[in-house]
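Some notes on the structure that comes next.
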Amino acid sequence: MKRTTDIEARAPFGPYNLRIYKQTYYGINDVLRPLVADNLVNVPPLHYSEDDAPWVMEVCPASTLKASGLYGSYKDARGSIEARENILLGLKDSGRVTFSDGDVRQRVIADAQGDALDSVIAADATFRAIADPERIVQAHRFPYYLEAYIFV
């Protein structure tokens, strides 16, 4: 079952998919719930604390790459060092991602599992969302304030 935001963002899986439903459950129950209950974070568009708390934003690296025209296999045996290099180059060419430390860039490229690159892509999606207040406002429309919103 996919949410509206999953369809719009072209997410590969909805949060209730058989492959990731446990991550969804434990992520919400064990990580987000205590933080939200104590008003320690804001989770737009679902929850806002009265305090100036950090934001937790839902992002999807695959959807972000699709929206940027950079989507392709870059993990495990399906992907390659060249694919990860091309994605980083595309993000760099967009002017949004730079590496001041060449060693960090090399470690991102060398990570065949793709977790390091996923983190860079997630940081890019988050930066673009907070740099454009209209994107945050957009997330407050129905049905997003009920089922969440993927920032890509």
Residues of the stretch 39-74 being acidic (Asp, Glu) and at pLDDT 95 or above, which ones?
GLU58
Which count do you get for residues in the stretch 30-71 that are at positive phi and either among the charged types (D, E, K, R) or surrounded by 15 or more Cβ atoms within 10 Å (Cβ to Cβ) (or both)?
0
Looking only at the stretch 92-99, decide whether some residue is open to solvent by less than 50 Å² (accessible area, probe 1.4 Å) and under 21 Å from VAL59 (Cα atoms).
yes
Which residues, taken from the stretch 85-99, are touching a residue at least 12 places away in the same chain (Cβ under 8 Å), in a loop (DSSP other than H, G, I, E, B) and of a type in the set (A, V, I, L, M, F, W, C)?
VAL97
Would you be able to say whether some residue in the stretch 76-89 is under 17 Å from the mean Cα position of the chain (by Cα) and open to solvent by 20 Å² or more (accessible area, probe 1.4 Å)?
no
Among the residues of the stretch 100-152, count how many are surrounded by 18 or more Cβ atoms within 10 Å (Cβ to Cβ), outside any helix (DSSP H, G or I), among the small types (Gly, Ala, Ser) and out of contact with any Asp or Glu (no Cβ under 7 Å at 6 or more places or on another chain).
2
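Hey, could you check the stretch 100-119 for residues that are of a type in the set (Asp, Glu) and in contact (Cβ under 8 Å) with a residue 24 or more places away in the chain and say which is farthest from VAL59 (Cα to Cα)?
Within the stretch 100-119, the subset of a type in the set (Asp, Glu) is 101, 103, 111, 115, 118.
Subset that is in contact (Cβ under 8 Å) with a residue 24 or more places away in the chain: 111, 118.
Values: ASP111: 20, ASP118: 10 Å.
The residue in question is ASP111.
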Give just the number: which of (1) free of Cβ contacts under 8 Å to residues at least 24 places away in the same chain; (2) open to solvent by less than 40 Å² (accessible area, probe 1.4 Å) does THR5 not satisfy?
(1)
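The values are calculated or read from the model by the stated rules, or taken from the named source; none is laboratory data. Keep in mind the model is a prediction, meaning the values are calculated, not measured. Cβ atoms come from the backbone with ideal geometry, glycine included; neighbour counts cover every protein chain shown. Surface accessibility is based on the protein's heavy atoms, side chains included, excluding ligands, DNA and RNA. Shrake-Rupley method; radii C 1.70, N 1.55, O 1.52, S 1.80 Å.
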